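Below is one structure; the comments refer to it alone.
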Amino acid sequence: MPSIPAFITRYFAKDEPKPPPINTRTAVFLLVIYTLFYVVPFYISRTTRPSRTLSRDAPSVIRARIASVSLTCVVCSLITLVILTSEGRATTAEALHALGYWPFGLVETVKCFLLTAVLFAGPLYEYLVIDEGWRDWLALQPVTTLCSEWMTWRNIVAGPFTEEVLFRSASVPLMLAARASVTTTIFLSPLVFGLAHLHHAYEFRVTHPQVAYSVVLMRSLLQLSYTTLFGSYATFLFIRSGSVLAVFVVHAFCNCMGLPRVWGSVYPPLVADSKGQLVRPSVLWTVAYYVLLVAGAVGWYKNLAVLTESSNALVAIDM
């Protein structure tokens, strides 16, 4: 059983006579406020507000938005820190532990990454082997792209880091401090995380006015579904690892991989035979992908408890 920080145990214990610093309703309210702090500034300034002539992917917009959300993360983290340390309930060091900053959790980060990589065994096979992505990594092309393209930097570094700082580090301790159950924390707080992405529907509509509203709606509902699902997973990892670094790395990795393919064929590029005719690859490429997809899901489930167990856990979760 992991050693649980004493002040988190006090907050979480139902029989603790001292009342929590906030109740669950207030905690959820603050999560909504944090989300508004994150999103609303995008539409206040001309430099961050998309239009038909200014895309959200424009470098100037990305830079301005990164500056905006960075400030939001600092402010919201300080608010959570003040709440956790109010009336001497916790020391600053204990509160920083609850926020996931200390210890860094390097071992937890590696374990959470490996666990998630197992889940993506099929997509990794498709990218590295079938699409020969290993060649790009030998040439360090992904690193070059990351350092030279603002959109890639936003998607892989700035976006995942600020979202994890706000929606995990600054938000989850509030739910636990309010003595919300672990189940409520894992499945309710990520819903706010998912709702924070709905503004993309407006931005998409602005830049794609020809697309039907029904398509925009379906696109938004799909995004809400998988961002909320990922949010629950990230919240679980954060509680079990006690490390914001771990969930940031997992988030960045998932953004790199995208949604796994669950249908269709998987083939390497077509090659020509001695007569110059294109040869259809073997169906075994596709079979191998789906075998790895299923095996990865099974391996992820079986190793979920082992690879997330840590003495830095915020609260104990029986598994």
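Each reported figure results from applying straightforward, stated rules to the coordinates on display, with no laboratory input. Predicted model, so just to flag it, every value in this text is computed and none were measured. FYI the Cβ positions are ideal-geometry reconstructions off the backbone, even for glycines, and counts take in every protein chain you see.
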Residues Phe230, Phe248, sorted so that the one with the fewest Cβ neighbours within 10 Å comes first: Phe230, Phe248
Can you put Tyr213, Tyr289, Tyr11 in order, fewest other beta carbons within 10 Å first? Tyr213, Tyr289, Tyr11
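Taking the Cα centre of segment 6-308 as origin, work out the dipole magnitude from +1 charges on Lys and Arg Cβ and -1 charges on Asp and Glu Cβ, in debye rounded to 20.
Charge dipole, segment 6-308, about its Cα centre: 560 debye, nearest 20.
When Asp318, Asp131 are ordered from fewest to most other Cβ atoms inside 10 Å of their Cβ, what list results?
If I rank by nearby Cβ atoms, fewest first, I get Asp318, Asp131.
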What number, in percent, do you get for the relative contact order of the chain if the mean sequence gap of Cα pairs under 8 Å and at least 6 apart is divided by its residue count? 32 percent
Between Ala58 and Ser265, what length comes free when the chain is fully extended (0.36 nm per residue of separation minus the Cα-Cα distance, one decimal in nm)? 71.1 nm
